[in-house]
Amino acid sequence: MSAGRDLLRSPLLNKGTAFSNEERTTLGLHGLLPPAVETLDAQLARAHAMYGTLTTAIERHRFLRALQDRQEVLFCALVAEHVEEMLPIVYTPTVGEAVRHYSALYEQPRGLSFSTETIARANEIVANHPLDDARLLVATDSSAILGIGDQGYGGIAIAIGKLALYAVGGLSPHHTVAVGLDVGTDRDDLLADPRYLGARHRRLRGASYQAFIDAFVGAVRSRWPRAIIQWEDLSKDTAFDVLERHRSQCPSFNDDVQGTGAVALAGLLNASRLRGDRLRDQRVVVHGAGAGGIGVASAILRGMVREGLSTDEARERIFVTDSKGLLTADREMESYKRPFARPAGSARPETLTDAVRCARATTLIGLSGQPRTFDESVVTAMLEWTPRPIVFPLSNPNASCEADPADVLAWTGGRALVATGSPFGPTIGQGNNAFVFPGLGLGAVIAEAREITDGMVLDAAYALARFTEEGWPDRVYPPIAALRESSLCVASSVVARAIEDGVARIDPRSRGDIDALVRRSFWHARYA
């Protein structure tokens, strides 16, 4: 058992000034701490006051990360209590700046790092980690971070930030691991930077990359056979291949593909309700055909099929554009885009405005990472056939957003239903993946799922839509402050669907009281 200074250096166990006098005697802590014995609430008040003295977002991010590295329970409790205030600091948009400057800001190791030099020791690496019962890993190769692309080793900060939100969403940090998969970088500035901490070579591709990922997954399955992997910020060239290659042998999901899809679908379900019609009635243009865009198109298709359309009928209502225009079967494109290509010989509009008119779109969703692409001509074109257009510029961070919500509302006379991916103030719904992935991961962990099925992801989307309608019937998304409650709702639906799909290891009789099971399993940041 840890004791003395070793205990104070263990962030998962360290209670700081909250150790009682009895604990200080038993654990050899007398003289190593200030005399006062405090409650967690007193520590929270002090930490929040210190946080409030800082003036820049990156200073606040560094403060929270340092607190996490000293006292993880206190950190999790602070973020949970002030989640609306701190989500933009621990996650998007501030985490993007932390990723960019990761090597320069580096202070403490966290999680696990696999590199081209060490991947042959993958089993040794997982054995070196102190957690014996890891249940969920967030793993990134840093190739497509937010809207800022290849960030080399620094992308591990994204995995760390995601796991902070998992803790808010009920999954204990005693069971989670952040993972950096350093397969190199194609960024010349990083390779030339003397402070860069990652592997100094070009990114692995093809069979070498595949072998690297295979070795990582094999090591995880060997030590933590019940663990779930959340793939994070993999490039569009690899995201779909990695997911399909491993999801049936190791329970896993890709948040950029499936999480983004589920969140967008949930918002679209509520926007349709507010319009007075249904998802199946919409005609949707998805601008951006990367991992997120195709994930959103796929989720909308499954939702329309669930509402009674055939697959072909649903596909007819979804139009996907990339940098070369509308996807059509008679043009060059990556294989993962082909399911959403319009038939050969279809009209090929030259501009986004033309594509909106060609589709007679009632809904416009942006995942292009290209700022201000939803200009006035694009948005007002929708008014020609729909009085209340649905406009979701979802790209992150704010600087990459396809439109400013204030502009969209001004152009439509306040009639548009608008939501964004990044925060734009309390009156604009935020389609943040944090409404889905903590509950999806938590539910899969509770169910001890052997696979994350498409049905589990779809039910997560409908659970979020239902949660929003019941609590905030006039909104597209709930407020960020409701993140913990949304995670409970999503997790319950995911557990039920895992049992229904036959992929849960838990006793099917648990189905009778799933809500109670999830609440019992939900972790709260409190000292033991």
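Read-outs: derived from the displayed coordinates by stated rules, not from any lab. None of the values given here were measured: they were computed from a predicted structure. As a convention, Cβ positions derive from the backbone with ideal geometry for all residues, glycine included, and neighbour counts pool all protein chains shown.
Using only the Cα atoms of the range 434-521, build the gyration tensor, take square roots of its eigenvalues as a ≥ b ≥ c, and label the shape rounded, prolate or oblate: rounded if a/c is under 1.5, else prolate if a/b is larger than b/c, else oblate.
The shape class here is prolate.
Return HIS524, HIS82, HIS175 ranked ascending by Cβ neighbour count within 10 Å, so the fewest neighbours appear first.
HIS524, HIS82, HIS175
DSSP beta bridges in the chain, what fraction antiparallel, as a percent rounded to 5?
Numbers: 3 of 37 bridges.
Within the chain, antiparallel bridges account for around 10 percent of the total.
Can you sort TRP224, TRP231 from fewest to most other Cβ atoms within 10 Å of each residue's own Cβ?
In order of increasing Cβ crowding within 10 Å: TRP224, TRP231.
Suppose every Lys and Arg Cβ carries +1 and every Asp and Glu Cβ carries -1, with no other charges. What dipole size does the chain come out with about its Cα centre, to the nearest 20 debye?
Details: 57 positive and 63 negative charges, 93 e Å.
In total the dipole reaches around 440 debye.
Under 5 Å between amide H atoms, partner at least 5 residues away or on a different chain: which partners does LEU417 have, H built in plane at 1.01 Å?
HN-HN under 5 Å from LEU417: ILE390, VAL391.
Between SER103 and ASP189, what is 0.36 nm times their sequence separation minus the Cα-Cα distance? Round to one decimal in nm.
Full extension of this stretch gives 29.7 nm more.
Aspartates and glutamates within cross-link reach of LYS15: Cα-Cα under 13 Å, excluding same-chain residues under 8 positions apart?
Straight-distance partners of LYS15: ASP6, GLU23, GLU38, ASP41, ASP69, GLU72.
Straight-line reach from LYS337: which lysines fall under 26 Å, measuring Cα to Cα and dropping same-chain residues less than 8 apart?
Within reach: LYS236, LYS324.
If you filter the range 1-89 for trypsin sites (Lys or Arg not before Pro), then keep DSSP loop positions with at most 15 other Cβ within 10 Å, what is left?
Filter output for the range 1-89: ARG9.
How would you classify the range 76-147 from its alpha-carbon gyration tensor, with a ≥ b ≥ c the square roots of the eigenvalues: rounded for a/c under 1.5, else prolate if a/b is greater than b/c, otherwise oblate?
Oblate, because a/c is 1.5 or more while a/b does not exceed b/c.
Using Cβ counts within 10 Å as a stand-in for footprinting exposure, how do CYS76, CYS358 rank, fewest first?
Numbers: CYS76 23, CYS358 16.
So the ranking, lowest neighbour count to highest, is CYS358, CYS76.
Mind grabbing the base-10 log of I(q)/I(0) for the range 164-257 at q = 0.10 Å⁻¹? Debye formula, identical points on the C-alpha positions, no solvent, two decimal places.
Scattering profile of the range 164-257, log10 relative to I(0): -0.32.
Hey, of [x] 88, 66, 42; [y] 77, 52, 49; [z] 74, 62, 43, which did the structure itself give for Cα extents along the principal axes in Å when calculated?
Only one option fits the structure, namely [y].
How do 425-437, 208-220 rank on mean C-beta neighbours within 10 Å, highest first?
425-437, 208-220
Subtract the Cα-Cα distance of ARG273 and ARG5 from 0.36 nm times their separation in residues, and report this length gain in nm to one decimal.
Once the chain is fully extended between ARG273 and ARG5, it gains 90.8 nm.
I need the GluC sites (Glu not before Pro) found in the range 240-324, filtered to DSSP loop residues with at most 16 other beta carbons within 10 Å of theirs.
Of the GluC sites (Glu not before Pro), the ones in loops of the range 240-324 whose Cβ has at most 16 other Cβ atoms within 10 Å are GLU307.
Can you find, among VAL138, ALA361, THR373, the residue farthest towards the positive end of the dipole of the chain? Put +1 on the C-beta of Lys and Arg, -1 on that of Asp and Glu.
After comparing all options, I get VAL138.
Answer rounded, prolate or oblate for the range 164-214, using the Cα gyration tensor with square roots of eigenvalues a ≥ b ≥ c: rounded when a/c is under 1.5, else prolate when a/b is larger than b/c, else oblate. Please list the in-between numbers first.
Working: a/c = 3.70, a/b = 1.69, b/c = 2.19.
Oblate, because a/c is 1.5 or more while a/b does not exceed b/c.
Provide the packing ranking of 388-396, 458-466, i.e. peptides ordered by the mean count of other C-beta atoms within 10 Å per residue, highest first.
With the highest mean Cβ count within 10 Å placed first, the list reads 388-396, 458-466.
Just want the answer: with Cβ charges of +1 for Lys and Arg and -1 for Asp and Glu, which residue in THR412, LEU309, ALA42 is farthest toward the dipole's positive end in the chain?
Most positive-ward Cα: LEU309.
Return the loop-located trypsin sites (Lys or Arg not before Pro) in the range 278-369 (DSSP other than H, G, I, E, B) with at most 16 other Cβ atoms within 10 Å of their own Cβ; answer none if there are none. If you can, show how the numbers build up before the last one.
Working: sites: ARG278, ARG280, ARG283, ARG302, ARG306, ARG315, ARG317, LYS324, ARG331, LYS337, ARG357, ARG360; in loops: ARG278, ARG283, ARG317, LYS324, ARG331, ARG360.
Those that pass, being in a loop and sparsely packed, are ARG278, LYS324, ARG331, ARG360.
Can you work out ³J(HN,Hα) from phi for every residue in the range 81-90, in order, using Karplus 6.51 cos²θ - 1.76 cosθ + 1.60 and θ = phi - 60°, giving whole Hz and x for Gly and Pro?
Each residue's phi maps through the Karplus curve to give 6, 10, 4, 5, 6, 9, 4, x, 8, 7 Hz.
Just want the answer: with Cβ charges of +1 for Lys and Arg and -1 for Asp and Glu, which residue in ALA447, LEU458, VAL476 is farthest toward the dipole's positive end in the range 434-521?
Farthest along the dipole direction, towards plus: ALA447.
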